[in-house]
1. Go over the candidates 267, 262, 230 one by one and state the one that is acidic (Asp, Glu), at pLDDT below 50 and open to solvent by 50 Å² or more (accessible area, probe 1.4 Å).
2. Out of the residues in region 205-218 that are within 15 Å of residue 272 (Cβ to Cβ) and open to solvent by less than 50 Å² (accessible area, probe 1.4 Å), state the one that is farthest from the chain's Cα centre (by Cα).
3. Among the residues of region 174-221, which ones are in a strand (DSSP E or B), in contact with a helix residue (DSSP H, G or I) (Cβ under 6 Å, 6 or more places away or on another chain) and more than 18 Å from residue 95 (Cα to Cα)?
4. Where the second residue is assigned to a helix (DSSP H, G or I) and the first is without any contact (Cβ under 8 Å) to a residue 24 or more places away in the chain and lies in region 66-90, which pairs have Cβ atoms under 7 Å and are six or more apart or on separate chains?
5. I need every pair where a residue in region 267-290 that is in contact (Cβ under 8 Å) with a residue 24 or more places away in the chain has its Cβ under 9 Å from the Cβ of a residue that is open to solvent by 90 Å² or more (accessible area, probe 1.4 Å) and outside any helix (DSSP H, G or I), sequence separation at least 6 or different chains.
6. Applying the selection to region 64-79, what residues are open to solvent by less than 20 Å² (accessible area, probe 1.4 Å), farther than 24 Å from residue 191 by Cα and aliphatic (A, V, I, L, M)?
7. Can you list residue pairs whose Cβ atoms sit under 9 Å apart, with the first residue in region 139-159 being under 19 Å from residue 125 (Cβ atoms) and the second being of a type in the set (S, T, N, Q) and surrounded by 12 or more Cβ atoms within 10 Å (Cβ to Cβ)? Count only pairs 6 or more apart in sequence or on different chains.
8. Grab the strands (runs of 3 or more DSSP E) fully contained in region 80-173, keeping just those with 1 or more residues being crowded, with 19+ Cβ neighbours inside 10 Å.
Amino acid sequence: MVAPAFEYVAAGGYDEAVRLLADGGDEAKILAGGQSLMPMLNLRLAHPELLIDINAADDRQPSVADGMLVLPALTRHRVLLEHDLVRRHCPLLAAAVRHVGNVRVRNRGTVGGSLAHADPTSEIGSCALATGARVIARGPGGDRTLPASELFVSYWTTALAESEIITDVLIPVGRPRQGWSFQEMVRRTSDFAIVAVAALVELDEEADTIAAARVALAGVADRVMLAGPDLLTGLTGATLAGSTGAGGTGAGSTGAGSTAADGSGDDAAAAAARIAGGLDPVDDVHASGEYRRRLVRVLTARALREAYARATGAVA
């Protein structure tokens, strides 16, 4: 496969890149890691006249400021996987990135590029939703902040204006008595997710009962999506049985009742069933919609139990 001809410009900074993008209009594309764009060029699914390389626009590293983990948009997936600040303050993201592509993809792909690409199976996108992340986008009129919950619109479509570029991703730092879990089903290692689930559980300050929970899903709709809060209200004040690990089949919680291997018989399974029941994923060559709903039930229950176990300290 050979990409169509295009003009290439290396921008020296974000302001220059924004200007070039605004001048180029529909015929201009941003090149960051290129792990999604280059295959699309080679398959001629994309044919821009101008390619704007922003790799020299920023050389900052992850940092923490005002209770936020600040990820420059050009942060490589490999850095998300290895950087101490990411592993300490957002271990959910560090764990999820292990499932992104392969070593080559993780060495080149960027956090901002992944979010801007808006793949509905995105591991990073689901983590952004689960953690309540925000992005800073720069356009001709300056910077604006956009919650991740408002960023994703549909297949490979975001709420970014045509001439806006993501410059930073802001993630609230993890809090005490907060647990996380990332669960994913793929056909083969490095494949796109059939279904992925990112979960955060926060406990009450004085008891091992759930005060809040967030669940984000990938692979079940035209975009990564956050489960509605009304579907998780049944978890408030609950403890989760069988919450000791990724499989969620051992003891370690004070919750009553037993937990079956498929996650049935506890509050986690009930919440997972509510979430799955509200979905209508399409059939495709990878899986049927019903199979995806089944995966949502199993993986969400598993993720909630593991996140709860981490919050109680039963799992590292």
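1. 262
2. 210
3. 203, 210, 213
4. 87/94
5. 286/187; 286/192; 287/187
6. The answer is 69, 71.
7. Here the result reads 146/158; 148/131; 151/158; 152/122; 152/158; 156/36, each pair linking region 139-159 to a residue that is of a type in the set (S, T, N, Q) and surrounded by 12 or more Cβ atoms within 10 Å (Cβ to Cβ).
8. The strands (runs of 3 or more DSSP E) meeting that bar are 134-139, 152-154, 165-172.
The values are calculated or read from the model by the stated rules, or taken from the named source; none is laboratory data. As the structure is a prediction and not an experimental result, all values here were calculated from the model. Note that we place each Cβ from the backbone using ideal geometry, even for glycine, and neighbour counts take in every protein chain shown. In case anyone asks, the SASA skips ligands and DNA or RNA and just uses the protein heavy atoms, side chains included. Shrake-Rupley method; radii C 1.70, N 1.55, O 1.52, S 1.80 Å.
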